[in-house]
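Novice: What follows is a structure written as structure tokens; I'll ask about it next.
The values are calculated or read from the model by the stated rules, or taken from the named source; none is laboratory data. This one's a predicted model, so the numbers in the text were calculated from it and none came from an experiment. Every residue, glycine among them, receives a Cβ derived from its backbone with ideal geometry; neighbour counts consider all protein chains shown.
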Amino acid sequence: MKAIVLRQFGPPEVLRLEEIATPTPGPGEVVIRVHAVSVNRTLDLAVRAGNYAMPVTLPHVLGVDPSGIVSAVGQGVGTRKVGDRVATMQLLRAPTATSGPVILGVHVWGGYAEYVKVPVEITHPLPDSVDFVTATVVARHAPTAFTMLRDDARLGREDWVLVMGASGGLGSAGIQAAKYLGARVIAAAGADERVRAAVDLGADAGINYRTQDLTAEVRRITSGRGVDVVFENVADAELFPKAFASLARGGRLITAGAHGGGTVPLDVKHLYLNSITVIGSVGRITPADLEFGLRAAAEGRYRVLVDRVLSLSEAALAHRIVAERSGTGKVVLQP
């Protein structure tokens, strides 16, 4: 099969299309003929550059969220059959007290390939009306957004939430999850067209945080009160303090990303004087939340933002596009 193989860390050009052996399933495993896999800033670009927080063994194949058609099943697999259309959940093993998580496309070979081998329990069937590109983006971000906002941040009905990076994969999922939970949403992004795209997903208001004063605009929109929750996945040294200052008393900032740098100032006086909580979360992908996201997409109640779809051989170009932040929505590869 053809696959994008990473044999050294470095710029996008280290991604090379190679012929390697097609995987065969072991007990409890399936092989998927990949039809879509998305490009992610942290789990793809940071891994490729050698900047990921956990060690990655080379050679390696990236791709944390492949979707496609089951092409082979291993011994003992009864829940999937050849021909099934499936999406995947990224977590092969949850973190424990003594070890970190095991993630598809980070710790084991992933979906930048024509075929990928995965444990059957991380697969999920697709509704007939959901295409593979949509399924990949839904599976990657929708369940994570729901668990972060509903379970970790305890977002309530009528709460105000500020969504940073609102046109990105996780941000656009956060808007729609928050609206489903009954919250009021301010979508913040770094370009007017991205703000418009986020508002089109259902946000109540939008802010261009590159041309407007983020904190002042949030206070204006909320009649001076501030937001109950900041949904943060940028961690930009200039933007993070402004988002943090937008929180009302008793507010919660939840964060699951650091593609803006990761080291940010923190106003500790605002933190303790206003009883603010900062939550770090990678979210969780549960079968129930994935099922909900896919069903909502099938019914037209959940939309994904896709900037462009490229061929597998264009993986290096895809990484450059994502690094440049030049588009709106996800970049997806189709082997």
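Novice: Can you name the number of the only condition in (1) assigned to a loop (DSSP other than H, G, I, E, B); (2) more than 26 Å from Thr263 (Cα to Cα); (3) within 19 Å of the chain's Cα centre (by Cα) that Val77 fails?
Specialist: Val77 satisfies every listed condition except (3).
Novice: Residue by residue through the stretch 284-302, note down the ones that are of a type outside the set (A, V, I, L, M, F, W, C) and surrounded by 18 or more Cβ atoms within 10 Å (Cβ to Cβ). Steps first, answer last, please.
Specialist: Quick first cut of the stretch 284-302, residues of a type outside the set (A, V, I, L, M, F, W, C) only: 284, 286-287, 289, 291, 293, 295, 299-302.
Listed by number, the residues that qualify are Asp289, Gly293, Tyr302.
Novice: Restricting to the stretch 204-240, name every residue that is part of a helix (DSSP H, G or I), buried (at least 20 other Cβ atoms within 10 Å of the Cβ) and not acidic (Asp, Glu).
Specialist: Within the stretch 204-240, the first condition is being part of a helix (DSSP H, G or I), and the residues that meet it are 214-221, 239-240.
Still in the list and also buried (at least 20 other Cβ atoms within 10 Å of the Cβ): 214, 217-218, 221, 239-240.
The answer is Leu214, Val218, Ile221, Leu239, Phe240.
Novice: Another question, then. Go through (1) in contact (Cβ under 8 Å) with a residue 40 or more places away in the chain; (2) more than 14 Å from Ile32 (Cβ to Cβ) and name the single condition Thr96 misses.
Specialist: Result: Thr96 passes all but (1).
Novice: Of Ala198, Ala178, which residue is outside the structural domain of Ser326 (by TED's automatic domain parsing), without any contact (Cβ under 8 Å) to a residue 40 or more places away in the chain and among the aliphatic types (A, V, I, L, M)? Don't jump to the end; show me each part of the working.
Specialist: Details: Ala178 fails: without any contact (Cβ under 8 Å) to a residue 40 or more places away in the chain.
When all the criteria are applied, what remains is Ala198.
Novice: Report the residue count in the stretch 99-111 for those that are without any contact (Cβ under 8 Å) to a residue 60 or more places away in the chain, aliphatic (A, V, I, L, M) and more than 15 Å from Val34 (Cβ to Cβ).
Specialist: Residues that pass the stated criteria total 1.
Novice: OK, next. Scan (1) surrounded by 23 or more Cβ atoms within 10 Å (Cβ to Cβ); (2) modelled with pLDDT of 95 or more for the single condition Ala72 breaks and write down its number.
Specialist: Ala72 satisfies all of (1) surrounded by 23 or more Cβ atoms within 10 Å (Cβ to Cβ); (2) modelled with pLDDT of 95 or more except (1).
Novice: Same structure, new question: Condition (residue is assigned to a loop (DSSP other than H, G, I, E, B) and either under 20 Å from the mean Cα position of the chain (by Cα) or loosely packed, with under 15 Cβ neighbours inside 10 Å (or both)) applied to the stretch 310-324: is it met by at least one residue? Before the answer, list the steps.
Specialist: To start, the set of residues in the stretch 310-324 that are assigned to a loop (DSSP other than H, G, I, E, B) comprises none.
No, because not a single residue in the stretch 310-324 is assigned to a loop (DSSP other than H, G, I, E, B) and either under 20 Å from the mean Cα position of the chain (by Cα) or loosely packed, with under 15 Cβ neighbours inside 10 Å (or both).
Novice: Out of all the residues in the stretch 21-64, which are of a type in the set (Gly, Ala, Ser), out of contact with any Pro (no Cβ under 8 Å at 6 or more places or on another chain) and buried (at least 20 other Cβ atoms within 10 Å of the Cβ)?
Specialist: Quick first cut of the stretch 21-64, residues of a type in the set (Gly, Ala, Ser) only: 21, 26, 28, 36, 38, 46, 49-50, 53, 63.
Among the residues that remain, those that are also out of contact with any Pro (no Cβ under 8 Å at 6 or more places or on another chain) are: 21, 26, 38, 46, 50, 53, 63.
Correct list: Ser38, Gly63.
Novice: Keeping to the stretch 219-237, report how many residues are farther than 19 Å from Gly168 by Cβ and in contact (Cβ under 8 Å) with a residue 24 or more places away in the chain. Break it down stepwise before answering.
Specialist: To start, the set of residues in the stretch 219-237 that are farther than 19 Å from Gly168 by Cβ comprises 219-226, 228.
Applying the additional criterion that residues be in contact (Cβ under 8 Å) with a residue 24 or more places away in the chain yields 219, 221-222, 225-226, 228.
Summing the residues that are farther than 19 Å from Gly168 by Cβ and in contact (Cβ under 8 Å) with a residue 24 or more places away in the chain in the stretch 219-237 gives 6.
Novice: Still on this structure: Restricted to the stretch 301-334, and to residues that are in contact (Cβ under 8 Å) with a residue 12 or more places away in the chain and of a type in the set (S, T, N, Q), which residue is nearest to Ala145 (Cα to Cα)?
Specialist: So, considering only residues that are in contact (Cβ under 8 Å) with a residue 12 or more places away in the chain and of a type in the set (S, T, N, Q), the one nearest to Ala145 (Cα to Cα) is Thr328.
Novice: Another question about this same structure. For the stretch 27-52, give me each residue that is touching a strand residue (DSSP E or B) at 6+ places or on another chain (Cβ under 8 Å) and among the small types (Gly, Ala, Ser).
Specialist: Listed by number, the residues that qualify are Gly28, Ala36, Ser38.
Novice: Next up: Restricting attention to the stretch 114-148, report how many residues are assigned to a helix (DSSP H, G or I) and farther than 18 Å from Val77 by Cα.
Specialist: Step one: list which residues in the stretch 114-148 are assigned to a helix (DSSP H, G or I), which gives 120-122, 132-148.
Subsequent filtering for residues that are farther than 18 Å from Val77 by Cα retains 132-148.
Residues flagged as assigned to a helix (DSSP H, G or I) and farther than 18 Å from Val77 by Cα within the stretch 114-148 amount to 17.
Novice: So for the stretch 241-257 (the condition being at pLDDT below 95 and either surrounded by fewer than 17 Cβ atoms within 10 Å (Cβ to Cβ) or part of a helix (DSSP H, G or I) (or both)), does at least one residue qualify?
Specialist: No, that holds for no residue.
Novice: I'd like to verify a number: residues in the stretch 163-177 that are in contact with a Phe, Trp or Tyr (Cβ under 7 Å, 6 or more places away or on another chain) and not polar (S, T, N, Q), how many?
Specialist: Taking the stretch 163-177 as the starting set, the residues that turn out to be in contact with a Phe, Trp or Tyr (Cβ under 7 Å, 6 or more places away or on another chain) are 163-164, 174, 176-177.
With the extra rule that they be not polar (S, T, N, Q), the set shrinks to 163-164, 174, 177.
Number satisfying all stated conditions: 4.
Novice: Condition first: closer than 19 Å to Thr42 by Cα, over 14 Å from the mean Cα position of the chain (by Cα) and not small (Gly, Ala, Ser). Now tell me which residues in the stretch 279-307 satisfy that.
Specialist: Within the stretch 279-307, Ile279, Asp307 meet the criteria.
Novice: Do we have Glu291 as of a type in the set (D, E, K, R), within 26 Å of Leu181 (Cβ to Cβ) and outside the structural domain of Asp192 (by TED's automatic domain parsing) here? So that I can check it myself, show each step before the final result.
Specialist: Values: of a type in the set (D, E, K, R): yes; within 26 Å of Leu181 (Cβ to Cβ): yes; outside the structural domain of Asp192 (by TED's automatic domain parsing): yes.
Here the answer is yes, as Glu291 does meet what is asked.
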